[in-house]
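The values are calculated or read from the model by the stated rules, or taken from the named source; none is laboratory data. In this text, all values refer to a predicted model and were calculated from it rather than measured experimentally. Positions of Cβ are generated from backbone atoms using ideal geometry, with glycine treated the same way; all protein chains shown enter the neighbour counts. These area figures cover heavy atoms from the full protein model, side chains too; ligands, DNA and RNA do not enter into them. Shrake-Rupley method; radii C 1.70, N 1.55, O 1.52, S 1.80 Å.
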Amino acid sequence: MNTAGPQTDSSAASAGAKRHLRLIIRCTCLVAAVLCLLPVLPKGSLMRYVPAASAFVAISSLLATKTFQPITALGFITALLTLLRHRWFCRWICPVGLCMDGVSCLGRRLKRKPSQEIQFGRLLVALTLGGAVLGYPLFLYTDPLALFSGIFLAATQATVLLSWISALLFAVLLIAGVLWPNLWCGRVCPLGAFQDLISMLSRYVRSLFATKTKRPAETSPGYRIARRTALGMVVGAGCAAAARRIGSKRTPALRPPGAIEETTFVALCTRCGNCMRACPHSIIERDLGENGWAGILTPVLSFENDYCREDCTQCTEVCPSGAIIRVLPDEKPNIRIGLPRVDMDICLLSEDRECSACMRWCPYDAIRYIFSEATYSLTPVVNPDRCNGCGACQTACPTKPVKAIRIAASLRT
Amino acid sequence: MNDRITRRDYLRMLGISGLAIGTGSFDPSRALARGVGESGGFQSSVIARDKVQPNRANPVLIDGEVIQPQRKLQVFAETDVLVVGGGSAGIVAAIAAKRAGAKVTVVERYGHFGGLWTGGLVLVILGHIVKGPKQVCQGIGEEIMRRLDKMDGAIINRRTGSNPTVDAEAVKYLMVEMIEQENIDVFLHCWGVDAIMQDGAVKGAVFESKSGRQAILAKVVIDATGDGDIFAAAGAEFEHRSHNIGLVSRVGNLDKIDKSKAPPDAKPKHLGSATPVKGVNWVNLRGPMVDGLDVATLTRMEMNHRKFIWNNIRKTRSIPGYERLYLVETAPQLGVRITRVLDGLNTVRLDHLKNATKFPDVIGVGGASNAEHGEWQIPYGALVPEKIDNVLAAGRCISAELRMADLVRLIPNCFVTGHAAGVAAAVAVRDRCSPRDADVSKIQKILRQQEAYLG
Ligand SMILES: Cc1cc2nc3c(=O)[nH]c(=O)nc-3n(C[C@H](O)[C@H](O)[C@H](O)COP(=O)(O)OP(=O)(O)OC[C@H]3O[C@@H](n4cnc5c(N)ncnc54)[C@H](O)[C@@H]3O)c2cc1C
């Protein structure tokens, strides 16, 4: 740096050029992410790559499900590259990072001081990873890419009030970014903190091997970080165990086909809204907490207006964390969402009415009307071996305002 | 004749004849002494004396088997279009064919028109409303509705989006009026039993009545029997299905029920829904899923259902407040929903409904009961048998897959297929071709002229 003038000029120029290049790339990434998430591209299959780029989500998914989900490959690549270059993702790619930098700039102009809070993000990461080992990644939903993806649910389901919640949260973050510049990226963002962790731990491990003679001091920062993370993970695992115990009493909920076991599902779900956006019939909605507070904002199915099509697997193709695993069209009939229950107090057949809607619309031919000599009327009977709970019967049922045939969720294991 | 009316005859005319007969002062020889056509001692007269049934060819027992010998049938009438079955589909078909210029004859096994709609007491008209709500059953079906509107106590709930309920007697009356206005030949109490065939084509039908076994020759036959009796006899391929067989009834004095007197847990069932007659409900019955072509089954259904209906009324009457409930009538015609379904050139399918498939040979549009889905087009091919010529199906026996049969058979959809079959038959007659080769664009043009809705 302390070389002659012309050279300084040229290096300053090259730094400036690099900054420009970086800005262009970041803006491109932001635009690309927005395009992927908006319902403008055909079939929206690209949306999966936005939250799936998160290394935090990818590693948590692996720990929680103990299986590798192909969709998480992108996140693993991000993680590997972080070994080479610290926080490269934040600097070059992250759309949330760009937004936050923007508002931080504004904040600094308004003379707001950069925040010096504790490293909240690392705590989130440690607790989440610890929980993930027990299948309960506690705070996975704080992932910035998932939050960013969630914003765009408002574009596809503008009329559903709840689909605006991610957008609202993001707005709050932006305002916070003005008031406390750099708070999010530097101190809270779990994806950033996770990258810090990867870099620091890798440096620490490398130092262990590099200096065989002189062991690193117990006070070295790498050692401290490793210890704290381990401690945090133990606490996280404890919390996860407690949460699982509470969660296990929960009644099953109507989740998209391919959703994993309920307790893990509510924690592993990033609330990114991809499945809701992917559903061509808009039958996936945000859970308002009807199925327990832990599942708030997770996807639930509603069959009031449409049903889960026999040949559609789109929601299972876009889940970044493996909370919903990939379902092949052939497997679809065997993936149970729930089973219909008939309320004979309101079923038209109990009034001898000329209705055959549920039987007609059942794609799996699972419903029969059985005549009873005792009541001298018909009752719909469902063959559970054929039915997968797709909800076609509920959609077709003509009773108002409550449908006489409704899908009750089944326990998933 | 006047001079022959005795005092006793006079008294009889006044309606006190029973007494006179009861006293044994009746002389049969006096009646016999009179000539043919005279009304003698009874409100009856001799048409032919010492008569032996002509044209007999009794089945004979040969080696324990009953053999029907060959016999020549009297041709009772010749016509362009013969409609067998005077139900909702048959009547509309007859009117449509007549208006399209054909000479039309209708043969009906019962003494009234309307089939299940009237004789079966199926009083509520379902299945003509699609999303919107919009009514898709137009044409002659809608004309019938409008005429019912103008009659006193004939129809209720005639708002777009709701399902109207009719009075069966009003419908029976109206159909007589319309048949007469159109100058259509009809024969009631005639049971169509066979198809007359030549080279794989239907040339008419044979029917049984009190007049014996007779033939009607026709250029095109429309099978509107609901059960496909004629196309089956002609050898057309069909699917034989079972369905719920019920017996509809009407109950009265519902306006004199005092529900407040009934215990709170009393939930009387099978009380039906309102009709144009105050205090009278029609009560549907789904019944078990059985074979409507099996006469032993039909018999069992009639008897079981009758017992159930009576006992249910008795039971309901024992609930405090329901004492005045009574059974007005059970339907003269058993509620057979589906039996034979034609294997047509085309078939009405649920996928067509789901995908809103459009057919180049569309001849009508079907609907739903509660506007729960969109329009579904009915192709002409669903009325035409795969192989046999000169016969068309109309009403609940047209070609439809299992899942769609329950929509196809609804009354307005029977109007729609009846309307199309009538026009198609007339076009085939006019163009001297088989209905299979009839010009579909002509059929569609006339249907539109007759205000049918084709989407
Ligand atoms: C119990 C019950 C409840 C129903 N409820 C409803 C409802 O709520 N709403 C609705 O829209 N629909 C309902 N339906 C369906 C609807 O009533 C019938 O499908 C429709 O009326 C059939 O009309 P169609 O003209 O095709 O046949 P049909 O009405 O059966 O007419 C056939 C006619 O042909 C005559 N016939 C039969 N065989 C012969 C023969 N061999 N020779 C001469 N004549 C013959 C019959 O006597 C009859 O008049 C119900 C049906 C049933 C049975």
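Here is how the numbers come out for the structure above:
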| quantity | calculated |
| --- | --- |
| Identity of the residue in the stretch B:270-315, of a type in the set (Val, Ile, Thr) and not in a loop (DSSP other than H, G, I, E, B), that ends up nearest to A:Ser350 (Cα to Cα) | B:Val283 |
| B:Lys358, sole failed condition from (1) over 27 Å from the mean Cα position of the chain (by Cα); (2) not in a loop (DSSP other than H, G, I, E, B) | (2) |
| Selection from the stretch B:243-269 of residues that are more than 13 Å from the ligand (Cβ to nearest atom), part of a loop (DSSP other than H, G, I, E, B) and either within 11 Å of another protein chain (Cβ to nearest Cβ) or open to solvent by 40 Å² or more (accessible area, probe 1.4 Å) (or both) | B:Asp258, B:Pro263, B:Pro264, B:Asp265, B:Lys267, B:Lys269 |
| Meets criteria (away from chain A (no Cβ under 14 Å), more than 14 Å from the ligand (Cβ to nearest atom) and open to solvent by 10 Å² or more (accessible area, probe 1.4 Å)) for B:Pro332 | no |
| Criterion (surrounded by fewer than 18 Cβ atoms within 10 Å (Cβ to Cβ), of a type in the set (Val, Ile, Thr), in contact (Cβ under 8 Å) with a residue 40 or more places away in the chain and touching a strand residue (DSSP E or B) at 6+ places or on another chain (Cβ under 8 Å)) met by exactly one of B:Val66, B:Val75, B:Val130, B:Val171 | B:Val75 |
| From the options B:Asn355, B:Asn370, residue that is open to solvent by 40 Å² or more (accessible area, probe 1.4 Å), within 14 Å of the ligand (Cβ to nearest atom) and modelled with pLDDT under 95 | B:Asn370 |
| Test: residue in the stretch A:27-38 that is assigned by TED's automatic domain parsing to the domain that holds A:Ala193, outside any helix (DSSP H, G or I) and modelled with pLDDT of 90 or more | no |
| Residues (away from the ligand (no atom under 16 Å from the Cβ), farther than 18 Å from B:Leu271 by Cα, aliphatic (A, V, I, L, M) and open to solvent by 30 Å² or more (accessible area, probe 1.4 Å)) located in the stretch A:347-386 | A:Ile370, A:Val381, A:Val382 |
| Residue that is part of a helix (DSSP H, G or I) and touching a Lys or Arg at 6+ places or on another chain (Cβ under 8 Å), where the choices are A:Arg108, A:Arg122 | A:Arg122 |
| Number of the exception - B:Thr297 against (1) open to solvent by less than 30 Å² (accessible area, probe 1.4 Å); (2) polar (S, T, N, Q); (3) away from the ligand (no atom under 12 Å from the Cβ); (4) within 13 Å of chain A (Cβ to nearest Cβ) | (4) |
| Residues located in the stretch B:35-87, provided they are touching a helix residue (DSSP H, G or I) at 6+ places or on another chain (Cβ under 6 Å), at pLDDT 95 or above and not hydrophobic (A, V, I, L, M, F, W, C) | B:Asp80, B:Gly87 |
| Positions within the stretch B:223-240 being open to solvent by less than 60 Å² (accessible area, probe 1.4 Å) and away from the ligand (no atom under 13 Å from the Cβ), in sequence order | B:Gly235, B:Ala236 |
| Some residue of the stretch A:124-139 being open to solvent by 20 Å² or more (accessible area, probe 1.4 Å) and free of Cβ contacts under 8 Å to residues at least 40 places away in the same chain | no |
| Helices (runs of 4 or more DSSP H) (entirely within the stretch B:391-449) containing at least 2 residues that are within 16 Å of the ligand (Cβ to nearest atom) and either within 14 Å of chain A (Cβ to nearest Cβ) or in contact with a Gly (Cβ under 8 Å, 6 or more places away or on another chain) (or both) | B:402-408, B:411-430 |
| Yes/no for B:Ile363 being in contact with a helix residue (DSSP H, G or I) (Cβ under 7 Å, 6 or more places away or on another chain), assigned by TED's automatic domain parsing to the domain that holds B:Thr118 and more than 12 Å from the ligand (Cβ to nearest atom) | yes |
| Residue match in the stretch A:323-342 (condition: of a type outside the set (Gly, Ala, Ser), within 11 Å of chain B (Cβ to nearest Cβ) and not in a loop (DSSP other than H, G, I, E, B)) | no |
| B:Ala89 vs. criteria more than 8 Å from the ligand (Cβ to nearest atom) and either within 14 Å of chain A (Cβ to nearest Cβ) or within 25 Å of B:Glu182 (Cα to Cα) (or both) | no |
| From A:Ala253, A:Ala267, A:Ala240, residue being assigned by TED's automatic domain parsing to the domain that holds A:Ser60, under 19 Å from the mean Cα position of the chain (by Cα) and modelled with pLDDT under 95 | A:Ala240 |
| Some residue of the stretch A:382-398 being among the polar types (S, T, N, Q), farther than 23 Å from A:Val266 by Cβ and outside any loop (DSSP other than H, G, I, E, B) | yes |
| Search result, residues across the stretch A:343-367 that are outside any loop (DSSP other than H, G, I, E, B) and more than 9 Å from every other protein chain (Cβ to nearest Cβ) | A:Leu348, A:Cys358, A:Ile367 |
| Residues (within 11 Å of chain B (Cβ to nearest Cβ) and without any contact (Cβ under 8 Å) to a residue 24 or more places away in the chain) located in the stretch A:376-403 | A:Tyr376, A:Lys400 |
| Strands (runs of 3 or more DSSP E) (entirely within the stretch B:107-222) containing at least 2 residues that are more than 16 Å from the ligand (Cβ to nearest atom) and in the same structural domain as B:Asn413 (by TED's automatic domain parsing) | B:191-198, B:201-209 |
